[in-house]
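Asks: First the structure, then my questions, so here it is.
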Amino acid sequence: MSARTEKYSTPRLDETDMKILEILQGDARITLKDLASKVHLSSTPCFERWRRLERHGYIDRYVTVLNAEKVHRGFTVFCSVKLRVLDYKVVQSFTEAIRRIPEVTECYHISGHYDYLLKIHAPDMQYYKYFIVDVLGRIDSIGTIDSSFVMDSVKNSFDILRRSPAPED
C-alpha cells in the first residue's frame, strides 16, 4: 500500500481515541491503568486502542523534552536560509547536510523569501558565531542566512489537538 493510499485508509478517530492522544501528548509516561481510568475504559480495550493509534501512525514517537538551559544549549536561534539555486540535487544535498548537524533540532522547507527555517540550539553567541562560519558556512548551496535570536519563550507546546474555545457572541 502506498503512503498516499495509506493516508486515506487510516481509521477515523472517535472521541475516545482523541482523548487518548490528548492525554498522551501531555504525559507519554502515563500508566495504562491511569490512561484507561481517564478515558473510562478497562485496561484491555484502552491498550488495544493505544496500539492501534501507534500502528496507524497517529503517534510518531515518544520523546523526553530536555531543559535546554540545564544542558547548556539554551541559546536558541531561528535561522532563515535561502539557497543559491533551487533544484533537486541542491535540495537533496542541503537536506542531507542539515540532517547530520546535531545543533539543528528542527528544519522546515518554507515558502516566501527564504527556502528553509532552521531551529538551532547552541551554548552561547560565541559558539553560534563558530557554527555559522565553520558548520553552515561549509554548505556550498547556502546563499544567504538571516538569524533571529530568541529572547524569551512565550509558548512552547506540543499539544496539537487542543482547540481554541468558540468565541462568545
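Asks: Quickly run through the range 41-59 and pick out the residues that are exposed (fewer than 12 other Cβ atoms within 10 Å of the Cβ) and touching a residue at least 24 places away in the same chain (Cβ under 8 Å).
Replies: GLY57
Asks: Kindly list, by first and then second residue, each pair from a residue in the range 65-83 that is open to solvent by 100 Å² or more (accessible area, probe 1.4 Å) to a residue that is not in a strand (DSSP E or B), limited to pairs with Cβ atoms under 7 Å and residues at least 6 apart or on different chains.
Replies: Qualifying pairs under 7 Å: HIS72/PRO123; ARG73/PRO123.
Asks: So which of ASP140, ASP159, ASP152 is in a loop (DSSP other than H, G, I, E, B) and either among the small types (Gly, Ala, Ser) or touching an Asp or Glu at 6+ places or on another chain (Cβ under 9 Å) (or both)?
Replies: ASP159
Asks: Consider LYS82 carefully, then state whether it is in contact with a Ser or Thr (Cβ under 6 Å, 6 or more places away or on another chain), of a type outside the set (A, V, I, L, M) and not in a loop (DSSP other than H, G, I, E, B). Before the answer, list the steps.
Replies: On the way: in contact with a Ser or Thr (Cβ under 6 Å, 6 or more places away or on another chain): yes; of a type outside the set (A, V, I, L, M): yes; not in a loop (DSSP other than H, G, I, E, B): yes.
For LYS82, the condition - in contact with a Ser or Thr (Cβ under 6 Å, 6 or more places away or on another chain), of a type outside the set (A, V, I, L, M) and not in a loop (DSSP other than H, G, I, E, B) - is met.
Asks: Follow-up question, since we're still on this one. When you scan the range 1-72 for helices (runs of 4 or more DSSP H) that lie fully inside it, which ones turn up with 1 or more residues that are at pLDDT 95 or above?
Replies: 15-26, 32-38, 43-55
Asks: Can you name the residue in the range 111-136 that is part of a helix (DSSP H, G or I) and open to solvent by less than 50 Å² (accessible area, probe 1.4 Å) and, of all such residues, is nearest to LEU86 (Cα to Cα)?
Replies: LEU136
Asks: Search the range 123-156 for residues being in contact with a helix residue (DSSP H, G or I) (Cβ under 9 Å, 6 or more places away or on another chain) and polar (S, T, N, Q), and hand back the single one that is farthest from GLU103 (Cα to Cα).
Replies: Top of the filtered list is SER141.
Asks: If you don't mind, another one. Given PHE149, PHE158, which one is open to solvent by 30 Å² or more (accessible area, probe 1.4 Å) and either within 30 Å of ILE23 (Cα to Cα) or of a type in the set (Val, Ile, Thr) (or both)?
Replies: When all the criteria are applied, what remains is PHE158.
Asks: Which condition from (1) without any contact (Cβ under 8 Å) to a residue 12 or more places away in the chain; (2) open to solvent by 90 Å² or more (accessible area, probe 1.4 Å) is the one that LYS38 breaks?
Replies: Tallying (1) without any contact (Cβ under 8 Å) to a residue 12 or more places away in the chain; (2) open to solvent by 90 Å² or more (accessible area, probe 1.4 Å), LYS38 fails exactly one: (1).
Asks: Taking the range 102-135 on its own, how many of its residues are β-branched (Val, Ile, Thr) and over 16 Å from the mean Cα position of the chain (by Cα)?
Replies: 3
The values are calculated or read from the model by the stated rules, or taken from the named source; none is laboratory data. These numbers come from a predicted model, not from an experiment. All Cβ positions, glycine included, derive from the backbone under ideal geometry; neighbour counts span all protein chains shown. Protein only, heavy atoms only, side chains kept; ligands, DNA and RNA dropped before computing areas. Shrake-Rupley method; radii C 1.70, N 1.55, O 1.52, S 1.80 Å.
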